[in-house]
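Novice: The structure is given below, and queries will be raised subsequently.
The values are calculated or read from the model by the stated rules, or taken from the named source; none is laboratory data. Since the structure is predicted, the reported quantities are computational estimates derived from the model, not experimental observations. Positions of Cβ are generated from backbone atoms using ideal geometry, with glycine treated the same way; all protein chains shown enter the neighbour counts. Keep in mind that these areas ignore ligands, DNA and RNA; they rest on the heavy atoms of the full protein, side chains included. Shrake-Rupley method; radii C 1.70, N 1.55, O 1.52, S 1.80 Å.
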Amino acid sequence: MGRAGGYRKSDRSRVRGGGSDKKPATRLVTGGRRKEWTGAVVNPPVWRASTHLYDSVADMRAGKASNEDGRFFYGRRGSPTQWALAEALTELEPGAHGTMLFPSGVSAIACALLAVLRPGDVLLMADSSYDPTRSYAEAFLKKWGVETRYYDPLIGAGIADLICERTRAIMMESPGSLTFEIQDVPAICAAAKDRGVTTLLDNTWAASYFFRGIEHGVDITILAGTKYIVGHSDVMLGSVTCTEKYWQRVRRTAQQLGQVIAPDDAYLALRGLRTLDVRMRQHQDSALKIARWLAGQPRVARVLHPALPDCPGHAIWRRDFSGSAGLFSFVMDGGDADAVAAFVDGLALFGIGYSWGGYESLALPVDPTPDRSATEWKAEGPVIRLNIGLEDCADLMADLAKGLERYEKTACKR
Ligand SMILES: Cc1ncc(COP(=O)(O)O)c(C=O)c1O
(Lines give C-alpha, C1' and ligand atoms only; values in the text may rest on other atoms or scores of the structure.)
Protein backbone atom coordinates (compact mmCIF):
# COMPACT_ATOMS: atom_id res chain seq x y z
CA MET A 1 0.00 0.00 0.00
CA GLY A 2 2.94 2.32 -0.26
CA ARG A 3 4.15 4.89 2.14
CA ALA A 4 2.80 8.16 3.50
CA GLY A 5 0.90 10.34 1.06
CA GLY A 6 -1.25 8.00 -0.98
CA TYR A 7 -4.84 7.93 -1.99
CA ARG A 8 -7.02 10.91 -2.72
CA LYS A 9 -10.69 11.04 -1.91
CA SER A 10 -11.49 12.67 -5.23
CA ASP A 11 -10.38 9.56 -7.12
CA ARG A 12 -13.86 8.02 -7.36
CA SER A 13 -12.74 5.31 -9.77
CA ARG A 14 -11.19 3.55 -6.79
CA VAL A 15 -14.46 3.32 -4.90
CA ARG A 16 -15.91 -0.16 -4.79
CA GLY A 17 -19.67 0.09 -4.58
CA GLY A 18 -20.14 3.40 -2.68
CA GLY A 19 -22.10 6.45 -3.78
CA SER A 20 -25.31 8.07 -2.63
CA ASP A 21 -27.33 6.90 -5.66
CA LYS A 22 -27.68 3.54 -3.86
CA LYS A 23 -30.49 2.64 -1.45
CA PRO A 24 -29.64 3.09 2.28
CA ALA A 25 -29.31 -0.65 3.02
CA THR A 26 -26.89 -1.05 0.12
CA ARG A 27 -24.82 1.90 1.28
CA LEU A 28 -24.43 0.23 4.68
CA VAL A 29 -22.80 -2.73 2.95
CA THR A 30 -20.63 -0.88 0.44
CA GLY A 31 -19.72 2.31 2.32
CA GLY A 32 -15.99 2.85 2.86
CA ARG A 33 -14.95 -0.41 1.19
CA ARG A 34 -12.53 1.08 -1.31
CA LYS A 35 -10.27 -1.45 -2.93
CA GLU A 36 -7.16 0.43 -1.81
CA TRP A 37 -8.33 0.22 1.82
CA THR A 38 -9.49 -3.40 1.82
CA GLY A 39 -6.87 -4.95 -0.47
CA ALA A 40 -7.90 -8.49 -1.35
CA VAL A 41 -10.18 -8.99 1.67
CA VAL A 42 -13.73 -7.85 2.41
CA ASN A 43 -13.14 -5.59 5.42
CA PRO A 44 -10.54 -2.84 5.76
CA PRO A 45 -8.04 -4.41 8.19
CA VAL A 46 -7.02 -2.81 11.48
CA TRP A 47 -4.17 -0.43 10.72
CA ARG A 48 -2.45 0.16 14.05
CA ALA A 49 -0.17 3.09 13.48
CA SER A 50 1.16 6.22 15.06
CA THR A 51 4.10 6.88 12.73
CA HIS A 52 3.48 6.95 9.01
CA LEU A 53 6.65 6.68 6.90
CA TYR A 54 7.46 8.83 3.87
CA ASP A 55 9.54 7.86 0.86
CA SER A 56 11.53 11.09 0.91
CA VAL A 57 11.67 14.60 2.33
CA ALA A 58 9.89 15.83 -0.78
CA ASP A 59 7.15 13.26 -0.20
CA MET A 60 6.87 14.38 3.43
CA ARG A 61 6.54 18.03 2.38
CA ALA A 62 3.92 17.16 -0.22
CA GLY A 63 1.93 15.40 2.49
CA LYS A 64 1.40 18.69 4.28
CA ALA A 65 -0.32 20.18 1.26
CA SER A 66 -3.47 18.14 1.77
CA ASN A 67 -5.49 17.62 4.92
CA GLU A 68 -8.05 15.02 3.83
CA ASP A 69 -8.76 11.43 4.77
CA GLY A 70 -7.20 8.98 2.34
CA ARG A 71 -3.69 10.41 2.70
CA PHE A 72 -1.16 8.97 5.13
CA PHE A 73 0.34 11.67 7.33
CA TYR A 74 0.50 10.79 11.04
CA GLY A 75 -1.53 8.53 13.32
CA ARG A 76 -3.75 11.30 14.65
CA ARG A 77 -5.20 11.74 11.16
CA GLY A 78 -6.16 8.08 11.07
CA SER A 79 -5.42 5.37 8.56
CA PRO A 80 -7.59 3.25 6.24
CA THR A 81 -9.65 1.68 9.05
CA GLN A 82 -10.82 5.06 10.38
CA TRP A 83 -11.14 6.59 6.89
CA ALA A 84 -13.39 3.73 5.81
CA LEU A 85 -15.68 4.26 8.81
CA ALA A 86 -15.82 8.03 8.28
CA GLU A 87 -16.66 7.57 4.62
CA ALA A 88 -19.35 4.97 5.37
CA LEU A 89 -20.97 7.30 7.92
CA THR A 90 -20.89 10.21 5.46
CA GLU A 91 -22.80 8.04 3.00
CA LEU A 92 -25.59 7.60 5.56
CA GLU A 93 -26.37 11.32 5.29
CA PRO A 94 -27.01 12.32 1.65
CA GLY A 95 -25.80 15.86 1.06
CA ALA A 96 -23.00 15.53 3.63
CA HIS A 97 -19.41 16.37 2.77
CA GLY A 98 -17.49 14.50 5.46
CA THR A 99 -17.39 12.92 8.90
CA MET A 100 -15.04 13.34 11.84
CA LEU A 101 -14.74 10.54 14.40
CA PHE A 102 -14.59 10.93 18.17
CA PRO A 103 -13.93 8.68 21.16
CA SER A 104 -17.50 9.14 22.46
CA GLY A 105 -20.82 10.71 21.56
CA VAL A 106 -20.30 13.44 24.15
CA SER A 107 -16.90 14.40 22.72
CA ALA A 108 -18.55 14.66 19.27
CA ILE A 109 -21.28 16.97 20.64
CA ALA A 110 -18.72 19.08 22.52
CA CYS A 111 -16.49 19.51 19.48
CA ALA A 112 -19.32 20.29 17.05
CA LEU A 113 -20.60 23.04 19.35
CA LEU A 114 -17.10 24.43 19.88
CA ALA A 115 -16.58 24.53 16.13
CA VAL A 116 -19.52 26.86 15.55
CA LEU A 117 -19.81 28.96 18.74
CA ARG A 118 -17.86 32.04 19.83
CA PRO A 119 -17.81 33.87 23.18
CA GLY A 120 -20.84 36.19 23.35
CA ASP A 121 -23.08 33.87 21.30
CA VAL A 122 -26.47 32.53 22.29
CA LEU A 123 -27.14 28.81 21.79
CA LEU A 124 -30.73 27.56 21.59
CA MET A 125 -31.07 24.03 22.94
CA ALA A 126 -34.07 21.68 23.07
CA ASP A 127 -35.37 21.29 26.62
CA SER A 128 -35.48 17.52 26.13
CA SER A 129 -31.76 17.25 25.33
CA TYR A 130 -29.52 14.49 26.66
CA ASP A 131 -28.44 15.65 30.12
CA PRO A 132 -24.65 15.65 29.47
CA THR A 133 -25.32 17.93 26.47
CA ARG A 134 -27.06 20.33 28.86
CA SER A 135 -24.27 19.98 31.43
CA TYR A 136 -21.68 20.78 28.77
CA ALA A 137 -23.59 23.97 27.95
CA GLU A 138 -23.98 24.91 31.61
CA ALA A 139 -20.56 23.89 32.88
CA PHE A 140 -18.29 24.57 29.92
CA LEU A 141 -19.90 26.84 27.34
CA LYS A 142 -21.14 29.23 30.03
CA LYS A 143 -17.61 29.73 31.39
CA TRP A 144 -16.51 30.31 27.84
CA GLY A 145 -19.02 33.16 27.40
CA VAL A 146 -21.83 31.33 25.55
CA GLU A 147 -25.36 31.71 26.89
CA THR A 148 -27.69 28.72 26.41
CA ARG A 149 -31.44 29.24 26.23
CA TYR A 150 -33.76 26.25 26.25
CA TYR A 151 -36.80 25.81 24.03
CA ASP A 152 -39.88 23.61 24.03
CA PRO A 153 -39.05 20.65 21.73
CA LEU A 154 -42.50 21.05 20.14
CA ILE A 155 -41.86 24.68 19.18
CA GLY A 156 -41.45 24.05 15.41
CA ALA A 157 -41.44 27.21 13.30
CA GLY A 158 -42.07 29.20 16.50
CA ILE A 159 -38.31 28.99 17.09
CA ALA A 160 -38.09 32.12 14.89
CA ASP A 161 -39.38 34.20 17.83
CA LEU A 162 -36.47 33.04 20.01
CA ILE A 163 -33.74 33.91 17.50
CA CYS A 164 -31.98 37.15 18.43
CA GLU A 165 -28.97 39.05 17.08
CA ARG A 166 -26.60 36.93 19.17
CA THR A 167 -28.13 33.52 18.33
CA ARG A 168 -25.43 31.52 16.57
CA ALA A 169 -26.67 27.94 16.73
CA ILE A 170 -29.60 25.64 17.51
CA MET A 171 -28.91 22.25 19.08
CA MET A 172 -31.71 19.74 18.39
CA GLU A 173 -32.25 16.18 19.49
CA SER A 174 -35.17 14.30 17.99
CA PRO A 175 -36.70 12.38 19.62
CA GLY A 176 -35.77 13.94 22.95
CA SER A 177 -33.87 11.93 25.54
CA LEU A 178 -36.11 10.13 28.06
CA THR A 179 -39.39 11.71 26.84
CA PHE A 180 -39.19 11.15 23.06
CA GLU A 181 -40.79 14.32 21.66
CA ILE A 182 -40.24 14.55 17.92
CA GLN A 183 -39.13 18.00 16.73
CA ASP A 184 -40.12 19.67 13.50
CA VAL A 185 -36.53 19.68 12.27
CA PRO A 186 -37.29 21.05 8.76
CA ALA A 187 -39.29 23.98 10.21
CA ILE A 188 -36.57 24.79 12.75
CA CYS A 189 -33.87 24.58 10.08
CA ALA A 190 -35.84 26.82 7.71
CA ALA A 191 -36.23 29.48 10.42
CA ALA A 192 -32.53 29.16 11.28
CA LYS A 193 -31.39 29.49 7.66
CA ASP A 194 -33.44 32.68 7.25
CA ARG A 195 -31.43 34.24 10.06
CA GLY A 196 -28.02 32.72 9.31
CA VAL A 197 -28.11 30.41 12.35
CA THR A 198 -26.31 27.05 12.33
CA THR A 199 -28.34 23.90 13.08
CA LEU A 200 -27.00 20.80 14.83
CA LEU A 201 -28.89 17.58 15.46
CA ASP A 202 -28.15 14.70 17.81
CA ASN A 203 -29.49 11.98 15.48
CA THR A 204 -28.47 9.01 17.63
CA TRP A 205 -31.95 7.44 18.05
CA ALA A 206 -32.54 7.27 14.30
CA ALA A 207 -28.85 6.38 13.70
CA SER A 208 -28.91 8.61 10.58
CA TYR A 209 -30.82 5.67 9.13
CA PHE A 210 -34.49 6.21 9.97
CA PHE A 211 -34.00 9.98 9.70
CA ARG A 212 -31.52 11.71 7.41
CA GLY A 213 -30.78 15.04 9.05
CA ILE A 214 -28.83 16.81 6.34
CA GLU A 215 -31.48 16.00 3.74
CA HIS A 216 -34.00 17.65 6.10
CA GLY A 217 -31.99 20.88 6.29
CA VAL A 218 -29.61 20.27 9.22
CA ASP A 219 -26.05 21.63 8.88
CA ILE A 220 -24.34 19.23 11.29
CA THR A 221 -25.55 15.81 12.45
CA ILE A 222 -24.05 14.05 15.43
CA LEU A 223 -24.18 10.39 16.40
CA ALA A 224 -23.27 8.56 19.56
CA GLY A 225 -22.02 5.61 17.50
CA THR A 226 -21.72 3.86 20.86
CA LYS A 227 -25.41 2.98 20.39
CA TYR A 228 -26.80 1.55 17.13
CA ILE A 229 -23.77 1.99 14.86
CA VAL A 230 -21.59 -0.24 17.04
CA GLY A 231 -24.68 -2.18 18.16
CA HIS A 232 -22.88 -4.66 20.41
CA SER A 233 -22.30 -2.65 23.61
CA ASP A 234 -18.53 -2.93 23.38
CA VAL A 235 -17.17 0.33 21.89
CA MET A 236 -17.47 4.04 22.69
CA LEU A 237 -17.75 6.16 19.52
CA GLY A 238 -18.95 9.55 18.32
CA SER A 239 -19.22 11.13 14.90
CA VAL A 240 -19.91 14.55 13.42
CA THR A 241 -21.13 14.66 9.82
CA CYS A 242 -21.62 17.99 8.09
CA THR A 243 -22.19 19.88 4.88
CA GLU A 244 -19.30 21.32 2.90
CA LYS A 245 -19.87 24.76 4.43
CA TYR A 246 -18.97 23.45 7.91
CA TRP A 247 -16.44 20.80 6.98
CA GLN A 248 -13.20 22.74 7.44
CA ARG A 249 -14.36 24.28 10.72
CA VAL A 250 -15.40 20.93 12.18
CA ARG A 251 -12.32 19.12 10.89
CA ARG A 252 -9.85 21.71 12.14
CA THR A 253 -11.51 22.00 15.56
CA ALA A 254 -11.42 18.21 15.98
CA GLN A 255 -7.77 18.15 14.91
CA GLN A 256 -6.85 21.05 17.20
CA LEU A 257 -8.44 19.14 20.08
CA GLY A 258 -6.41 16.08 19.10
CA GLN A 259 -9.43 13.84 18.56
CA VAL A 260 -8.76 10.41 17.13
CA ILE A 261 -10.26 6.94 17.59
CA ALA A 262 -8.42 3.64 17.81
CA PRO A 263 -8.40 1.57 14.61
CA ASP A 264 -9.67 -1.43 16.58
CA ASP A 265 -12.75 0.58 17.57
CA ALA A 266 -13.23 1.78 13.99
CA TYR A 267 -13.07 -1.84 12.84
CA LEU A 268 -15.72 -2.94 15.32
CA ALA A 269 -17.93 0.03 14.42
CA LEU A 270 -17.66 -0.86 10.73
CA ARG A 271 -18.61 -4.43 11.54
CA GLY A 272 -21.65 -3.16 13.44
CA LEU A 273 -22.61 -0.77 10.66
CA ARG A 274 -22.86 -3.56 8.08
CA THR A 275 -25.82 -5.13 9.92
CA LEU A 276 -27.52 -1.88 10.95
CA ASP A 277 -30.45 -2.36 8.59
CA VAL A 278 -31.51 -5.79 9.85
CA ARG A 279 -30.87 -4.87 13.47
CA MET A 280 -32.86 -1.64 13.24
CA ARG A 281 -35.79 -3.41 11.60
CA GLN A 282 -35.84 -6.05 14.33
CA HIS A 283 -35.46 -3.45 17.12
CA GLN A 284 -38.32 -1.57 15.49
CA ASP A 285 -40.67 -4.57 15.23
CA SER A 286 -40.10 -5.84 18.77
CA ALA A 287 -40.17 -2.37 20.37
CA LEU A 288 -43.43 -1.50 18.61
CA LYS A 289 -45.08 -4.75 19.68
CA ILE A 290 -43.99 -4.24 23.27
CA ALA A 291 -44.92 -0.52 23.27
CA ARG A 292 -48.44 -1.30 22.00
CA TRP A 293 -48.85 -4.11 24.53
CA LEU A 294 -47.66 -1.88 27.39
CA ALA A 295 -50.09 0.86 26.30
CA GLY A 296 -52.93 -1.60 27.00
CA GLN A 297 -51.78 -2.48 30.54
CA PRO A 298 -53.93 -0.96 33.31
CA ARG A 299 -50.91 0.16 35.39
CA VAL A 300 -49.36 2.00 32.46
CA ALA A 301 -50.56 5.57 32.02
CA ARG A 302 -48.69 6.44 28.80
CA VAL A 303 -46.12 5.02 26.44
CA LEU A 304 -43.64 7.55 25.02
CA HIS A 305 -42.81 6.01 21.67
CA PRO A 306 -42.67 8.25 18.55
CA ALA A 307 -44.55 5.70 16.43
CA LEU A 308 -47.56 5.67 18.79
CA PRO A 309 -50.25 8.25 17.92
CA ASP A 310 -50.33 9.94 21.33
CA CYS A 311 -46.56 10.57 21.50
CA PRO A 312 -45.85 14.33 21.21
CA GLY A 313 -44.69 15.02 17.65
CA HIS A 314 -46.05 11.72 16.26
CA ALA A 315 -47.41 13.40 13.10
CA ILE A 316 -43.94 14.80 12.37
CA TRP A 317 -42.40 11.38 12.95
CA ARG A 318 -44.81 9.95 10.35
CA ARG A 319 -43.92 12.70 7.91
CA ASP A 320 -40.12 12.67 8.30
CA PHE A 321 -38.89 9.29 9.61
CA SER A 322 -38.75 5.99 7.77
CA GLY A 323 -38.84 3.88 10.93
CA SER A 324 -38.59 3.77 14.71
CA ALA A 325 -35.81 2.51 16.96
CA GLY A 326 -35.87 0.17 19.96
CA LEU A 327 -35.63 2.78 22.73
CA PHE A 328 -38.72 4.24 24.40
CA SER A 329 -40.14 5.09 27.81
CA PHE A 330 -43.40 4.46 29.60
CA VAL A 331 -45.10 6.29 32.44
CA MET A 332 -46.66 4.30 35.25
CA ASP A 333 -50.06 5.21 36.68
CA GLY A 334 -49.18 5.81 40.33
CA GLY A 335 -46.62 3.83 42.30
CA ASP A 336 -43.26 4.90 43.63
CA ALA A 337 -39.53 4.23 43.58
CA ASP A 338 -39.89 0.94 45.50
CA ALA A 339 -42.40 -0.37 42.97
CA VAL A 340 -40.04 0.65 40.15
CA ALA A 341 -37.16 -1.17 41.86
CA ALA A 342 -39.33 -4.30 42.26
CA PHE A 343 -40.18 -4.13 38.54
CA VAL A 344 -36.63 -3.53 37.28
CA ASP A 345 -34.60 -5.61 39.74
CA GLY A 346 -36.61 -8.77 39.07
CA LEU A 347 -36.37 -8.68 35.27
CA ALA A 348 -34.46 -11.67 33.95
CA LEU A 349 -33.74 -10.50 30.40
CA PHE A 350 -33.25 -6.76 30.89
CA GLY A 351 -29.94 -5.45 32.19
CA ILE A 352 -29.79 -2.27 34.27
CA GLY A 353 -27.43 0.05 32.44
CA TYR A 354 -27.12 3.58 31.09
CA SER A 355 -26.45 2.86 27.48
CA TRP A 356 -28.75 1.56 24.72
CA GLY A 357 -28.72 0.56 21.07
CA GLY A 358 -27.02 -2.78 21.77
CA TYR A 359 -28.35 -6.24 20.94
CA GLU A 360 -29.40 -6.85 24.55
CA SER A 361 -32.40 -5.40 26.35
CA LEU A 362 -32.07 -2.87 29.16
CA ALA A 363 -34.48 -1.28 31.63
CA LEU A 364 -33.78 1.93 33.53
CA PRO A 365 -35.79 4.09 35.94
CA VAL A 366 -35.47 7.69 34.69
CA ASP A 367 -36.63 11.09 35.92
CA PRO A 368 -36.89 13.88 33.34
CA THR A 369 -37.81 16.51 36.00
CA PRO A 370 -34.35 17.93 36.87
CA ASP A 371 -33.36 18.38 33.23
CA ARG A 372 -36.20 20.76 32.31
CA SER A 373 -36.25 24.53 32.42
CA ALA A 374 -38.35 25.79 29.46
CA THR A 375 -41.09 23.23 29.98
CA GLU A 376 -42.44 21.35 32.97
CA TRP A 377 -42.44 17.56 33.11
CA LYS A 378 -45.79 16.37 34.44
CA ALA A 379 -46.47 12.66 34.84
CA GLU A 380 -48.95 10.28 36.43
CA GLY A 381 -46.17 8.25 38.05
CA PRO A 382 -42.58 7.04 37.66
CA VAL A 383 -40.97 6.68 34.22
CA ILE A 384 -39.08 3.61 32.99
CA ARG A 385 -36.98 3.55 29.84
CA LEU A 386 -36.56 0.33 27.85
CA ASN A 387 -33.95 -0.59 25.27
CA ILE A 388 -35.54 -3.44 23.33
CA GLY A 389 -32.84 -5.79 22.13
CA LEU A 390 -32.82 -8.69 19.72
CA GLU A 391 -34.16 -11.39 22.06
CA ASP A 392 -37.43 -13.10 21.15
CA CYS A 393 -40.18 -10.55 21.67
CA ALA A 394 -42.51 -13.06 23.42
CA ASP A 395 -39.80 -13.79 26.03
CA LEU A 396 -39.32 -10.07 26.65
CA MET A 397 -43.06 -9.51 27.03
CA ALA A 398 -43.40 -12.41 29.48
CA ASP A 399 -40.54 -10.95 31.54
CA LEU A 400 -42.16 -7.49 31.53
CA ALA A 401 -45.57 -8.96 32.44
CA LYS A 402 -44.06 -10.49 35.59
CA GLY A 403 -42.43 -7.13 36.28
CA LEU A 404 -45.82 -5.42 36.11
CA GLU A 405 -47.20 -7.96 38.60
CA ARG A 406 -44.33 -7.14 41.00
CA TYR A 407 -45.00 -3.45 40.46
CA GLU A 408 -48.67 -3.92 41.28
CA LYS A 409 -47.99 -5.91 44.44
CA THR A 410 -45.40 -3.44 45.74
CA ALA A 411 -47.47 -0.38 44.89
CA CYS A 412 -50.63 -1.83 46.49
CA LYS A 413 -48.87 -2.79 49.73
CA ARG A 414 -48.03 0.85 50.44
C1 LIG B 1 -29.04 10.82 22.75
C2 LIG B 1 -27.62 10.61 23.18
N3 LIG B 1 -26.68 11.39 22.67
C4 LIG B 1 -25.39 11.25 23.03
C5 LIG B 1 -25.01 10.31 23.94
C6 LIG B 1 -23.57 10.24 24.37
O7 LIG B 1 -22.90 9.17 23.83
P8 LIG B 1 -21.61 8.56 24.54
O9 LIG B 1 -22.12 7.80 25.72
O10 LIG B 1 -20.98 7.74 23.49
O11 LIG B 1 -20.74 9.70 24.97
C12 LIG B 1 -25.96 9.46 24.50
C13 LIG B 1 -25.56 8.41 25.47
O14 LIG B 1 -26.37 7.81 26.14
C15 LIG B 1 -27.31 9.62 24.11
O16 LIG B 1 -28.29 8.87 24.66
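Novice: Name the residue, out of Val240, Val260, Val230, that is open to solvent by 10 Å² or more (accessible area, probe 1.4 Å) and more than 30 Å from Ala411 (Cβ to Cβ).
Specialist: Testing whether each residue is open to solvent by 10 Å² or more (accessible area, probe 1.4 Å) and more than 30 Å from Ala411 (Cβ to Cβ) leaves just Val260.
Novice: Same structure again: Just to check your reading of the model, which residue among Asp333, Asp320 is touching a helix residue (DSSP H, G or I) at 6+ places or on another chain (Cβ under 7 Å) and surrounded by 14 or more Cβ atoms within 10 Å (Cβ to Cβ)?
Specialist: Of Asp333, Asp320, the one residue that is touching a helix residue (DSSP H, G or I) at 6+ places or on another chain (Cβ under 7 Å) and surrounded by 14 or more Cβ atoms within 10 Å (Cβ to Cβ) is Asp320.
Novice: Okay, moving on. Identify, please: which residue in segment 202-227 is buried (at least 24 other Cβ atoms within 10 Å of the Cβ) and at positive phi and is, among those, nearest to the ligand (Cβ to nearest atom)?
Specialist: Selected residue: Ala207.
Novice: Here is a follow-up. Can you tell me how many residues within segment 235-270 are outside any helix (DSSP H, G or I), over 23 Å from Gly95 (Cβ atoms) and polar (S, T, N, Q)?
Specialist: Residues in segment 235-270 being outside any helix (DSSP H, G or I), over 23 Å from Gly95 (Cβ atoms) and polar (S, T, N, Q): 1 in total.
Novice: Give just the number: which of (1) in contact with a strand residue (DSSP E or B) (Cβ under 8 Å, 6 or more places away or on another chain); (2) closer than 30 Å to Arg149 by Cα does Phe343 not satisfy?
Specialist: Evaluating Phe343 over (1) in contact with a strand residue (DSSP E or B) (Cβ under 8 Å, 6 or more places away or on another chain); (2) closer than 30 Å to Arg149 by Cα leaves (2) as the failure.
Novice: When you go through (1) of a type in the set (Asp, Glu); (2) buried (at least 22 other Cβ atoms within 10 Å of the Cβ); (3) closer than 27 Å to Asp371 by Cβ one by one for Glu93, which number turns out not to apply?
Specialist: (3)
Novice: A further question follows. In segment 37-58, which residues are open to solvent by less than 50 Å² (accessible area, probe 1.4 Å), closer than 17 Å to Arg271 by Cα and aromatic (Phe, Trp, Tyr)?
Specialist: Across segment 37-58, the qualifying residue is only Trp37.
Novice: Take Arg61 and decide whether it is more than 17 Å from Arg271 (Cβ to Cβ), loosely packed, with under 11 Cβ neighbours inside 10 Å and modelled with pLDDT under 95.
Specialist: When the stated conditions are applied, Arg61 passes them.
Novice: What's the total number of residues in segment 130-183 that are farther than 25 Å from Ser355 by Cβ and either within 13 Å of the ligand (Cβ to nearest atom) or not in a strand (DSSP E or B) (or both)?
Specialist: 19
Novice: Within segment 310-331, does at least one residue satisfy the condition of being modelled with pLDDT under 95, of a type in the set (D, E, K, R) and either at positive phi or in a loop (DSSP other than H, G, I, E, B) (or both)?
Specialist: Yes: one or more hits.
Novice: Moving on. What residue, of Ala398, Ala339, Ala287, Ala379, is open to solvent by less than 60 Å² (accessible area, probe 1.4 Å) and within 16 Å of the ligand (Cβ to nearest atom)?
Specialist: Result of the check over Ala398, Ala339, Ala287, Ala379: Ala287.
Novice: Additional query: Pull up segment 97-110, narrow it to residues that are surrounded by fewer than 23 Cβ atoms within 10 Å (Cβ to Cβ) and away from the ligand (no atom under 11 Å from the Cβ), then point me to the one that is farthest from the chain's Cα centre (by Cα).
Specialist: Looking at the filtered set, the residue picked out is His97.
Novice: What are the pairs, 6+ residues apart or on separate chains, where a residue within segment 218-237 that is more than 14 Å from Trp356 (Cβ to Cβ) has its Cβ under 9 Å from a residue that is assigned to a loop (DSSP other than H, G, I, E, B) and acidic (Asp, Glu)?
Specialist: Short answer, once both residue conditions are applied: Val218/Glu93; Thr221/Glu93.
Novice: A further question follows. Go through segment 118-129 residue by residue and tally those that are surrounded by 22 or more Cβ atoms within 10 Å (Cβ to Cβ) and away from the ligand (no atom under 16 Å from the Cβ).
Specialist: Counting residues in segment 118-129 that are surrounded by 22 or more Cβ atoms within 10 Å (Cβ to Cβ) and away from the ligand (no atom under 16 Å from the Cβ) gives 2.
Novice: Can you find, within segment 354-371, the residue that is most open to solvent (accessible area, probe 1.4 Å) among those that are in a loop (DSSP other than H, G, I, E, B) and in contact with a Ser or Thr (Cβ under 8 Å, 6 or more places away or on another chain)?
Specialist: Tyr359
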